[in-house]
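Below: one structure, written as C-alpha cells.
We did not get these values from a lab; they are worked out from the coordinates using the rules stated. Computed from a predicted model, the values in this text were never measured in an experiment. Neighbour counts are summed over all protein chains in view; Cβ atoms, including those assigned to glycine, are modelled from backbone coordinates with ideal geometry.
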Amino acid sequence: MEVVISTTPDEAGKLAADAIEELIRRRPEAVLGVATGSSPLLIYDELGRRVAEGSVSLAKSRAFMLDEYVGLPEDHPQRYLSVIRDEFVHKVDVDPAQVSGPDGLAADLVTACEVYERAIADAGGVDLQILGIGTDGHIAFNEPGSSLASRTRIKTLTSQTRRDNARFFGGNVDAVPRHCLTQGIGTILEARHIVLVASGRGKAEAVHQLVEGPVSAMWPATALQLHPHVTVLLDTAAASRLQLASYYIETFQGKPSWQGF
Ligand code: F6R
C-alpha cells in the first residue's frame, strides 16, 4: 500500500488523474471503477480539465459504479447513476452508454447483483478503481461486519452512514434510503489498481485503521491491505492519526520518477 499525504487540497485529485491518464495512454479501452460522494469530485474535475485540453480522452474507455441506493426513482438527483452522470460523465468524453451501475430499481434485486457481477467480468474486470472511505471504514457500501470475500449484494446502511449522507438529502436523514446494492469487498479486490482518496479529520480514524490497523470486518477498508496495488491519497487532516506519517512522506518525496503509481 502506498500512502501519499498531500499538502494542498487539489494535489490528491491531480495525482489520481495522473494515474488514470497514464493508464488510458497505455490502454485507451481501460475499464474504470468510479465512486460517488464528495471524495472523488476533485479527480473528476481534473479529468474534465484534461479532456477539455485534449491531453487525455476517455472516449474508448468504460466505467462501472460501486453502488446504488435501492428504490430511488430514476429522476431522483441523488440516485447514484444520476450523480455519476452529473459529476463524471458530463465532465469527460466517456460514452454514457458505457457507464453502468447496479440496478437499484430492479424487481429482482438478487438477480440484478448477479447480472452486475457478470457485466464487470465480461468487460475484463476493472483496471483502476477509485474509492472513498466512510467514517465507519466502509468501502463502497460494505458496512462493518461485511464479509471480506463478499460479492455484489444488497446491504443495509448503518445509521452513521445515513447520517453522513443526509447532507445530500437536504439534511433529512429519513430521506436517505436504508438499503443499497454494492459491489462486495471480494469484487473490489479484483480491480488491478485501487486508488482511495480521503480528506478531512472525520476520516482520520478510518484511515488509520485502513493503513495501520489489523485486517478486520469491523473496518472493512482494512481488506485493502491484502491487495498488491493500492494507492491511498490523503490530506493532512485525514492523515492526522497515522503513526508512520513521516515515513510515508519521506518515502514519497524520495520516490524515483520512473516508479509511477
Ligand atoms: C460511494 C461510496 C462510498 C463513499 C464513502 C465516502 O460510491 O461507495 O463508500 O466513497 O461513503 O463518501 P464521501 O466521499 O462523500 O465522504
So which residues in segment 136-151 are among the aromatic types (Phe, Trp, Tyr) and touching a Pro at 6+ places or on another chain (Cβ under 8 Å), if there are any at all?
none
How many of the residues in segment 166-187 are more than 17 Å from LYS155 (Cβ to Cβ), touching a residue at least 60 places away in the same chain (Cβ under 8 Å) and more than 11 Å from the ligand (Cβ to nearest atom)?
1
Residue count, segment 148-161, condition within 11 Å of the ligand (Cβ to nearest atom) and either touching a residue at least 24 places away in the same chain (Cβ under 8 Å) or not hydrophobic (A, V, I, L, M, F, W, C) (or both), comes to 4
Enumerate the pairs (first residue in segment 96-111 and surrounded by fewer than 12 Cβ atoms within 10 Å (Cβ to Cβ); second residue anywhere and among the small types (Gly, Ala, Ser)) with beta-carbon separation below 6 Å, excluding pairs fewer than 6 apart on the same chain, so at least 6 apart or on different chains.
none
Are any of the residues in segment 114-129 of a type in the set (D, E, K, R), closer than 18 Å to GLY186 by Cβ and surrounded by 20 or more Cβ atoms within 10 Å (Cβ to Cβ)?
yes
Could you list, ordered by first residue, the pairs with Cβ atoms under 6 Å in which the first is in segment 60-78 and aliphatic (A, V, I, L, M) and the second is surrounded by 14 or more Cβ atoms within 10 Å (Cβ to Cβ) and in a loop (DSSP other than H, G, I, E, B), at least 6 apart or interchain?
MET65/GLY101; LEU66/ALA35; LEU66/ALA140; LEU66/GLN183; VAL70/GLY104; VAL70/PRO177; LEU72/ARG79
Listed by range, strands (runs of 3 or more DSSP E) wholly within segment 1-69 having at least 2 residues that are away from the ligand (no atom under 16 Å from the Cβ) are 2-6
Given ILE130, ILE120, which one is assigned to a helix (DSSP H, G or I), β-branched (Val, Ile, Thr) and under 20 Å from the mean Cα position of the chain (by Cα)?
ILE120
Could you tell me which residue of segment 12-37 is surrounded by the most Cβ atoms within 10 Å (Cβ to Cβ), considering only residues that are touching a residue at least 60 places away in the same chain (Cβ under 8 Å), out of contact with any helix residue (DSSP H, G or I) (no Cβ under 6 Å at 6 or more places or on another chain) and not hydrophobic (A, V, I, L, M, F, W, C)?
GLY33
